[in-house]
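Below is one structure, written out as structure tokens; the observations come after it.
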Amino acid sequence: MIVTLHTQGLQTLAQVRAFVSGSEPISFTLADRHAAYDWMADTLKQSG
């Protein structure tokens, strides 16, 4: 299963918090810690 989060519209920390608090729980697995950090960095760069 591939999940794509469209986070490009999230511009502020408040918007990220609202998105996370309003989302249904999800579970996903990344290959390793480095992949998780890369994903998080890419997501935060897109919203900044």
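The values are calculated or read from the model by the stated rules, or taken from the named source; none is laboratory data. Bear in mind the structure is a predicted one, so any value in this text is a computation, not a measurement. Every residue, glycine as well, gets a Cβ built from its backbone with ideal geometry; the counts of neighbours run over all protein chains shown.
Of the residues in segment 21-38, how many are part of a loop (DSSP other than H, G, I, E, B), at pLDDT below 80 and not aromatic (Phe, Trp, Tyr)? Qualifying residue count for the region: 8.
Quick test for you: out of Ala41, Ala18, pick the one residue that is modelled with pLDDT of 80 or more and surrounded by 11 or more Cβ atoms within 10 Å (Cβ to Cβ). Show your work before the answer.
On the way: Ala41 fails: surrounded by 11 or more Cβ atoms within 10 Å (Cβ to Cβ).
After applying the criteria, what remains is Ala18.
Close Cβ contacts (under 6 Å, 6 or more residues apart or on different chains) running from residues in segment 29-41 that are without any contact (Cβ under 8 Å) to a residue 60 or more places away in the chain to residues that are surrounded by 12 or more Cβ atoms within 10 Å (Cβ to Cβ) and part of a helix (DSSP H, G or I) comprise Leu30/Ala36.
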